[in-house]
Amino acid sequence: MNGTPRGLNRFLLSLIGLLLLIAGIGMVLVAAVPAAAHWWRDYASAQVAWLQGYEQRSRLLLTSQSWMWLAAAAFFLVVVILMISWIANQGKGRASTLLDYHGNVDDDGAAGAVKLSCAVAENAIKSALLERTDLYGVSATSYDFRNEVGLKVRVFPRQGVAPNELAVDVVELVGALDELLGMEVPVLLSIGTGARSRFTKAERVR
């Protein structure tokens with residue numbers, strides 16, 4: 001529901017996993033197969049010798065250093081910038097304003113503005129759900145999805161709580177919230193679980 005680049009994340013994870021898999025297979029072959037170890041020593045020695053020779057031939061007159069080090073520094077600088085940009089794009093899409101209306105807000109036609117914070121809906125949902133004894137955790141977060149503000153509600157029921165009954169109760173609560181706010185708020189309900197739910201039971205009235 002948020003603006004996290006999931007496609008890019010999956011591609012990067014797949015690429016990194018593939019590279020690590022290839023590296024792991026290569027290390028196993030070098031350690032277990034003498035022919036592979038001999039080939040790797042010859043290949044690596046040739047590459048190191050070529051690199052050392054090229055470093056000697058590519059030194060700049062002003063600095064007496066090879067331009068390879070400048071290129072490597074520029075490459076890693078670009079990598080750092082790309083990583084910072086990638087981190088900054090994780091979890092984007094959070095919204096802070098649920099309603100921003102400008103127009104006639106009074107019966108006499110006087111112009112005005114109404115601005116409703118997302119915290120109003122989030123706190124209303126959380127306060128109502130936290131009163132239930134069959135839940136041990138509730139979170140509500142607002143996101144801007146396709147130019148429309150929606151609410152993601154995540155509940156953590158205790159062991160033995162029926163998810164379908166809980167979903168019906170949350171839907172009724174969302175309907176009451178819509179009537180209170182005078183507008184329909186798109187809501188994504190997520191019913192989660194965890195280790196804590198296996199050690200806690202719902203408190204029932206006997």
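The values are calculated or read from the model by the stated rules, or taken from the named source; none is laboratory data. The structure presented is a predicted model; accordingly, all values stated were derived computationally and were not measured. Counting neighbours? That spans all protein chains shown, and the Cβs are built from the backbone with ideal geometry, glycine included. Surface accessibility is based on the protein's heavy atoms, side chains included, excluding ligands, DNA and RNA. Shrake-Rupley method; radii C 1.70, N 1.55, O 1.52, S 1.80 Å.
Condition check: acidic (Asp, Glu), at pLDDT 85 or above and farther than 30 Å from Gln90 by Cβ. Does Glu172 satisfy that? Steps first, answer last, please.
Details: acidic (Asp, Glu): yes; at pLDDT 85 or above: yes; farther than 30 Å from Gln90 by Cβ: yes.
Yes, satisfied.
Among residues of the stretch 61-78 that are under 17 Å from Leu51 (Cα atoms) and in a helix (DSSP H, G or I), those with a Cβ under 9 angstrom from a residue that is open to solvent by 100 Å² or more (accessible area, probe 1.4 Å) and among the basic types (Lys, Arg), sequence gap 6+ or separate chain, pair up as Trp67/Arg59.
From the set of residues in the stretch 127-149 that are hydrophobic (A, V, I, L, M, F, W, C) and under 30 Å from Asp100 (Cα atoms), which is surrounded by the fewest Cβ atoms within 10 Å (Cβ to Cβ)? Among those that are hydrophobic (A, V, I, L, M, F, W, C) and under 30 Å from Asp100 (Cα atoms), it is Leu130.
Could you say which residue among Gly182, Gly175 is within 25 Å of Lys115 (Cβ to Cβ), open to solvent by less than 50 Å² (accessible area, probe 1.4 Å) and without any contact (Cβ under 8 Å) to a residue 12 or more places away in the chain? If you could, list the steps in order and put the result at the bottom.
On the way: Gly182 fails: open to solvent by less than 50 Å² (accessible area, probe 1.4 Å).
Step by step, each of Gly182, Gly175 is checked, and only Gly175 is within 25 Å of Lys115 (Cβ to Cβ), open to solvent by less than 50 Å² (accessible area, probe 1.4 Å) and without any contact (Cβ under 8 Å) to a residue 12 or more places away in the chain.
Considering only residues in the stretch 77-103 that are within 10 Å of the chain's Cα centre (by Cα) and either at pLDDT below 75 or among the small types (Gly, Ala, Ser) (or both), the one that is most open to solvent (accessible area, probe 1.4 Å) turns out to be Lys92.
The set of residues in the stretch 104-122 that are more than 23 Å from Asp144 (Cα to Cα) and either modelled with pLDDT under 65 or in contact with a helix residue (DSSP H, G or I) (Cβ under 8 Å, 6 or more places away or on another chain) (or both) comprises Asn104, Val105, Asp106, Asp107, Asp108, Gly109, Ala110, Ala111. Would you pick out the residues in the stretch 5-58 that are in a helix (DSSP H, G or I) and touching a Phe, Trp or Tyr at 6+ places or on another chain (Cβ under 6 Å)? Of everything in the stretch 5-58, just one residue is in a helix (DSSP H, G or I) and touching a Phe, Trp or Tyr at 6+ places or on another chain (Cβ under 6 Å), namely Val30. Does Trp69 satisfy the condition of being at pLDDT 90 or above and surrounded by 12 or more Cβ atoms within 10 Å (Cβ to Cβ)? Against the criterion (at pLDDT 90 or above and surrounded by 12 or more Cβ atoms within 10 Å (Cβ to Cβ)), Trp69 does not qualify. A count restricted to the stretch 25-66 and to residues that are acidic (Asp, Glu) and in contact with a Ser or Thr (Cβ under 8 Å, 6 or more places away or on another chain) stands at 1. Can you find even one residue in the stretch 27-48 that is among the small types (Gly, Ala, Ser) and touching a strand residue (DSSP E or B) at 6+ places or on another chain (Cβ under 9 Å)? Checking the stretch 27-48: not a single residue is among the small types (Gly, Ala, Ser) and touching a strand residue (DSSP E or B) at 6+ places or on another chain (Cβ under 9 Å). Take the stretch 150-160 and flag every residue that is crowded, with 19+ Cβ neighbours inside 10 Å and out of contact with any Phe, Trp or Tyr (no Cβ under 7 Å at 6 or more places or on another chain). Hits for the stretch 150-160 are Leu151, Val153, Val155, Pro157.
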